[in-house]
1. Just wondering, is there one or more residues in segment 349-359 that are open to solvent by less than 60 Å² (accessible area, probe 1.4 Å), at negative phi, touching a residue at least 12 places away in the same chain (Cβ under 8 Å) and under 28 Å from the mean Cα position of the chain (by Cα)?
2. Determine, yes or no, whether SER486 is open to solvent by less than 60 Å² (accessible area, probe 1.4 Å), assigned to a loop (DSSP other than H, G, I, E, B), of a type in the set (Gly, Ala, Ser) and within 25 Å of ALA32 (Cα to Cα).
3. If a residue has to be within 25 Å of THR527 (Cα to Cα) and either among the aliphatic types (A, V, I, L, M) or part of a loop (DSSP other than H, G, I, E, B) (or both) to count, how many in segment 445-483 make the cut?
4. Can you tell me how many residues in segment 497-515 are more than 16 Å from THR452 (Cα to Cα) and either touching a Phe, Trp or Tyr at 6+ places or on another chain (Cβ under 6 Å) or not aromatic (Phe, Trp, Tyr) (or both)?
5. Inside segment 38-51, can you point out the residues that are part of a helix (DSSP H, G or I) and open to solvent by 10 Å² or more (accessible area, probe 1.4 Å)?
6. Is it fair to say ILE74 is among the aliphatic types (A, V, I, L, M) and free of Cβ contacts under 8 Å to residues at least 12 places away in the same chain?
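The values are calculated or read from the model by the stated rules, or taken from the named source; none is laboratory data. Since the structure is predicted, the reported quantities are computational estimates derived from the model, not experimental observations. Cβ placement follows ideal geometry from the backbone for every residue including glycine, while neighbour counts extend to all protein chains displayed. All accessible areas refer to the heavy atoms of the entire protein, side chains included, with ligands and DNA or RNA removed. Shrake-Rupley method; radii C 1.70, N 1.55, O 1.52, S 1.80 Å.
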Amino acid sequence: MISNIRYWFLILLVILVYIAGMFVTLFENDSAQFAVMAMRMVQENDFLSLFKGPEEYLDKPHMHYWLAAISFKIFGIHDWAYRIPGLLATLLGAYSCFGLGRLLYNANTGKMAALVFMTAQTIVLSVIDVRTDAVLTGFTIFAIWQLTSYIQKGQLKHIILGAFGAGMAFSTKGQIALVVIGFPILCHLAYTAKWKSLFNWRVLIALLVFVITIAPMLYAYYHQFDLHPEKVVRGRSGRSGILFIFWEQSFERMSGTGMGKNSSDYFFFFHTFLWVFLPWTLIGIAALASRIKWLFKSKFKKEPGLEILTLGGIVLIFITISFAQFKLPHYLNITMPLFAVLTAAYLCGFCTSDRQKTVRLLLGTQYFILSLVFIVTVMLCYFVFKFENYYASVLLGLAFVLIVYFSLKREAPHLRIITLSVYSSLLLNVVLNAHFYPSLLTYQAGSTMAHTVKENNVPVDAIYKLSTHHTWALDFYNKEPVKIVSYEDIKNKSDFWIYATDAQLRELQNRGFDWDRQFTENQFRITRLQKKFLDPSTRKKVLNKMYLIHVY
């Protein structure tokens with residue numbers, strides 16, 4: 001399929017790209033928000049309560065924040081320390097893709113599945129913009145792998161590890177974890193007709209392991225909410241954390257009553273998939289279509305060397321999440337391991353088949369994707385945010401030469417498909433992590449203002465804000481949440497700092513406040529890029545300003 005030397009060289013390059021992103025400034029909102037929530041646990045030595053700013057946080061369980069807090073305890077409060085659990089979970093996910101691919105097919109498929117998973121665009125992004133989905137994805141595919149191993153081999157260790165993985169995933173994001181694990185496993189049981197594996201004493205042991213694994217999270221919910229029915233959360237008192245995580249959470253997300261509604265587009269995840277699985281998108285679609293065609297052709301009868309765990313899991317998960325009224329692109333991350341295994345099996349099939357026409361067509365699509373990546377990287381480096389050092393251009397030129405060499409090298413078409421696809425991912429993401437994101441984040445006022453605060457020895461405990469608008473990046477990099485005050489609160493105060501918008505600055509002037517020092521930073525919602533911002537000639541038109549003033 002692919003030589004071990006080339007394979008491990010590509011894996012090493014992918015990990016280096018991951019590491020390059022570890023030191024990028026945290027993105028607002030989610031990454032910086034979750035980092036602040038974990039930081040608060042450490043600073044207040046309270047690992048049972050979750051707060052989003054001044055509000056009690058009910059939406060997601062504790063595991064992601066606990067893992068980040070443990071990392072902070074070991075390494076200190078740094079952005080790279082926050083990302084370590086997400087990176088480790090992603091590596092666990094890659095290893096689990098290898099294990100599942102090897103179990104269902106062969107070792108070559110497993111190796112390819114790990115490589116596809118690690119280079120899928122949304123997975124690379126999830127290591128940098130770390131949310132709960134990185135931990136969720138790693139543990140769900142680990143659970144699927146181990147539970148499938150139990151069904152195949154009947155060994156106790158596999159069902160224990162599977163139950164532990166399911167418990168960790170459930171403790172990270174709730175019921176969706178059990179859905180993601182359950183659908184593929186049920187499809188596999190139905191296809192292999194191994195229902196007897198469910199009626200076994202080992203299943204009782206697994207249930208016990210699952211309960212023990214989720215017990216800390218349940219106790220934390222009970223401690224924060226069930227013991228305090230007087231608390232008002234999302235406009236309601238008497239909220240039970242345990243009832244929420246076992247029952248209410250999924251219904252609130254599906255209906256949009258909890259987080260609100262942001263999309264009623266039932267095809268949202270279908271067109272989102274076009275970019276989240278790059279550079280493997282077209283191959284993944286071809287693999288999915290090929291497996292559906294085979295399934296109907298075989299009239300759903302079991303055939304040696306084939307499975308519907310991946311196909312069934314993907315289809316059922318897609319249908320389920322598509323009906324949710326609140327949708328975000330990273331919700332698709334949980335399907336990436338299944339797509340990786342299915343795509344890997346499809347690619348490995350070319351090694352033993354004579355489908356030359358299909359191979360040439362797929363190779364052409366990967367050349368097209370690579371050409372788009374070339375264009376995008378040139379635009380990012382010489383138009384959107386221009387290189388400031390000549391050596392950056394030299395390194396980019398060397399990368400281009402290396403990729404062109406492999407593009408022109410005479411070797412089996414399937415080898416070129418794999419190599420070019422991986423290099424497409426590497427080229428795009430090394431430019432994003434080492435150049436684009438660092439440049440982009442200079443327009444995130446919270447993090448840049450925190451740097452200004454440190455440079456000018458501004459006391460972080462004397463900084464206030466005049467609204468409940470979240471300031472996650474400033475909070476994290478100051479290692480001190482900005483306190484909320486009203487205009488009346490500060491009417492008779494002196495010698496303090498205010499972090500304010502243009503409108504708030506004008507209101508302070510109108511109310512007779514005066515200040516002797518002022519720092520200004522550009523502000524743009526960097527996770528919502530738009531054409532006017534990316535064009536340097538129109539960028540100023542969409543920028544806002546944030547101010548830090550000293551009221552004396």
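1. Checked segment 349-359: no residue is open to solvent by less than 60 Å² (accessible area, probe 1.4 Å), at negative phi, touching a residue at least 12 places away in the same chain (Cβ under 8 Å) and under 28 Å from the mean Cα position of the chain (by Cα).
2. yes
3. Of the residues in that region, 16 qualify.
4. Selection size over segment 497-515: 13.
5. ARG40, VAL42, GLN43, GLU44
6. yes
Yes/no matrix, rows are residues, columns are (1) in a helix (DSSP H, G or I); (2) at pLDDT 95 or above; (3) of a type outside the set (Phe, Trp, Tyr):
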residue	(1), (2), (3)
GLN325	no, no, yes
HIS330	yes, no, yes
PRO337	yes, yes, yes
THR358	yes, no, yes
TYR391	yes, no, no
LEU398	yes, no, yes
SER407	yes, no, yes
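Yes/no matrix, rows are residues, columns are (1) at pLDDT 95 or above; (2) closer than 26 Å to ILE526 by Cα; (3) in contact with a strand residue (DSSP E or B) (Cβ under 9 Å, 6 or more places away or on another chain); (4) open to solvent by less than 30 Å² (accessible area, probe 1.4 Å):
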{"residue": "ASN4", "(1), (2), (3), (4)": "no, no, no, no"}
{"residue": "LEU16", "(1), (2), (3), (4)": "yes, yes, no, no"}
{"residue": "GLY53", "(1), (2), (3), (4)": "no, yes, yes, yes"}
{"residue": "TRP66", "(1), (2), (3), (4)": "yes, no, no, no"}
{"residue": "ALA81", "(1), (2), (3), (4)": "yes, yes, no, yes"}
{"residue": "ILE84", "(1), (2), (3), (4)": "yes, yes, no, no"}
{"residue": "GLY101", "(1), (2), (3), (4)": "yes, no, no, yes"}
{"residue": "LEU115", "(1), (2), (3), (4)": "yes, no, no, yes"}
